[in-house]
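The values are calculated or read from the model by the stated rules, or taken from the named source; none is laboratory data. None of the values given here were measured: they were computed from a predicted structure. Reconstructed Cβ throughout: ideal geometry from the backbone, glycine too, with neighbour counts over all protein chains shown.
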Amino acid sequence: MKVTHEISDNLTGVIAIEVKPEDYTPQVDAVLKNYKKQASMPGFRPGMVPMGMIKKMYGNAVLGEELNKLLQAKLGEYISEEKLEILGNPLPKSEEQIQLDIKDPKEVTFRYDIGIAPQFDAEITDKDKLTYHTVKIDDTLIDKYSADLQKRYGNVEEADVAEENDMLSGEFVQLDEAGAPMEEGIKNTSTVALEFLEDEKVKKSLVGKKPGDSFELNPETVSKGHDDMGKMLGIDHETVHRIMEHGVKFAFTVDKVYRMQPAELNEEFFNKAFGEGAVADETAFRERVSEDLTKMFGRDADQMLMRQFREDYDKKHKLELPDTFLKQWIKAVNEKPITDEQLEEEYDQYAQGLRWQLIEGKLIKSHELKIETDEVKAFAINAIRQQYAQYGIPDMDESVLESSAQELLKNEEQVRNIYDNLYAEKLLTVVKETAKLKNKEVDFDEFVKLATGEPAKKGIMNNLKSLFD
């Protein structure tokens with residue numbers, strides 16, 4: 001079996017595999033003999049079906065399957081031996097539809113298009129100049145986050161009349177053209193949190209509502225996107241589009257008004273929020289909040305730094321990719337059919353991610369970054385510890401963490417994610433220690449704008465942690 005390859009200037013190439021009958025007939029014959037042993041047909045004793053009939057029934061299918069196994073194995077072996085840095089997977093040349101017949105074995109050449117990774121060097125140096133943004137942790141920010149924590153650990157009480165930060169619990173009912181409830185229409189019990197409504201006019205109209213009040217309410221104005229609206233009405237995504245298209249109207253009947261009463265700044269609250277004995281008084285509480293905010297925004301500052309680094313490095317290297325081949329490959333391997341329009345719309349983002357993946361690989365190699373087994377285990381344990389802390393269990397028993405980590409590490413996808421995260425952390429460390437950083441402190445609104453690309457919205461502090469986690 002002879003294998004050769006040619007590479008062109010545009011990062012594409014062709015691998016050719018010459019296959020002779022003696023390369024594949026032994027495997028095909030072995031499989032067909034096994035079929036013969038197991039074959040059971042009327043008029044023949046088990047295992048006594050003539051080979052001619054077996055070949056007629058299964059021959060070409062077995063030939064195709066065994067050839068494919070042989071070719072795939074040879075492709076992988078050749079790519080590894082020749083150290084070809086390919087992108088995607090080899091694609092059989094579309095214009096060559098080779099048909100072999102079990103009755104007429106012959107020599108044939110199979111050709112595969114390949115995409116080649118660009119050759120380049122990458123290293124982080126002090127010539128990389130970046131800005132490291134941090135948030136100014138002032139009393140205003142501490143007050144806002146403290147209020148958020150107090151609400152998070154507060155108590156929910158029923159109220160007689162809705163105020164601007166309350167939540168309405170009730171039922172949505174579909175209306176007919178005359179404005180009357182439809183017996184067979186959509187009905188669903190849901191909640192509306194006034195605090196997070198962005199439409200001030202709608203929010204103002206709901207303030208003052210009481211249990212028993214019934215009024216027309218467009219669910220689109222009190223939900224965040226179509227998925228949220230679907231959950232609010234208890235319907236699927238397709239139905240959401242249908243009712244929006246036809247302008248279906250709804251009434252909302254208030255059942256109860258709920259109000260969150262913030263927790264008091266006392267020992268019980270401090271223990272719930274930070275663990276037994278971690279915070280003793282209000283002064284220590286504000287210090288702890290300041291520390292937590294610094295850590296929280298520090299993670300986002302790191303992400304912003306790496307985003308800036310990625311963008312700068314991408315511009316610096318301007319890596320070329322075998323775009324035509326990659327588009328063909330994406331269409332070939334995509335589980336669902338993808339149109340040329342969809343491909344063109346999404347390809348730039350895919351290519352950008354692939355370029356960074358190539359750059360990241362080079363940086364990991366050039367800086368000799370390695371990950372040890374104990375680092376993977378420690379990462380898994382810490383991730384589980386943080387998960388328990390989110391559920392209000394800050395001090396989970398070490399044996400439970402150890403057991404949970406062992407289970408997590410049995411999942412190959414989870415392990416790959418851990419390695420990706422650890423390599424990202426190590427690259428971040430190299431960037432911080434090697435690149436030339438200019439520290440710049442900004443206020444909260446400016447930081448949010450830089451981190452998300454949008455200005456800080458009213459009430460953003462009420463969901464601060466989820467926004468930046």
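General observations
- Test: Lys74 is of a type in the set (Lys, Arg), more than 30 Å from Phe120 (Cβ to Cβ) and assigned to a helix (DSSP H, G or I): no
- Selection status of Asp312, of a type in the set (D, E, K, R), touching a Leu at 6+ places or on another chain (Cβ under 6 Å) and in contact (Cβ under 8 Å) with a residue 40 or more places away in the chain: no
- Total residues in the stretch 15-34, condition assigned to a helix (DSSP H, G or I), more than 44 Å from the chain's Cα centre (by Cα) and closer than 28 Å to Asp113 by Cβ: 3
- Counted residues, the stretch 102-120 - those being assigned to a loop (DSSP other than H, G, I, E, B), under 17 Å from Ile79 (Cα atoms) and either among the aliphatic types (A, V, I, L, M) or in contact with a helix residue (DSSP H, G or I) (Cβ under 9 Å, 6 or more places away or on another chain) (or both): 2
- The stretch 249-264 - residue that is aliphatic (A, V, I, L, M) and modelled with pLDDT of 95 or more and, of those, farthest from Ala180 (Cα to Cα): Val257
- Within the stretch 231-240, the set of residues being buried (at least 16 other Cβ atoms within 10 Å of the Cβ) and either within 22 Å of the chain's Cα centre (by Cα) or under 17 Å from Ser169 (Cα atoms) (or both) comprises Met232, Leu233.
- When the stretch 154-184 is filtered for residues that are over 24 Å from Gly230 (Cα atoms) and surrounded by 15 or more Cβ atoms within 10 Å (Cβ to Cβ), the ones remaining, listed by number, are Gly154, Ala159, Ala162.
- Matching residues in the stretch 196-230 - criterion: being surrounded by 14 or more Cβ atoms within 10 Å (Cβ to Cβ) and in contact (Cβ under 8 Å) with a residue 40 or more places away in the chain: Phe196, Leu206, Lys209, Pro211, Asp213, Ser214, Leu217, Pro219
- Top-ranked residue in the stretch 60-105 [being among the basic types (Lys, Arg) and modelled with pLDDT under 90; ranked as surrounded by the most Cβ atoms within 10 Å (Cβ to Cβ)]: Lys93
- Matching option when the condition is free of Cβ contacts under 8 Å to residues at least 40 places away in the same chain, more than 16 Å from Lys106 (Cα to Cα) and of a type in the set (Val, Ile, Thr), among Thr12, Thr4: Thr4
- Screening Glu177, Glu123, Glu164, Glu157 for residues that are outside any strand (DSSP E or B), out of contact with any His (no Cβ under 6 Å at 6 or more places or on another chain) and closer than 12 Å to Met260 by Cα leaves exactly one candidate, Glu164.
- Listed conditions (1) over 30 Å from Glu320 (Cβ atoms); (2) surrounded by 14 or more Cβ atoms within 10 Å (Cβ to Cβ) are all met by Gly47, apart from (2).
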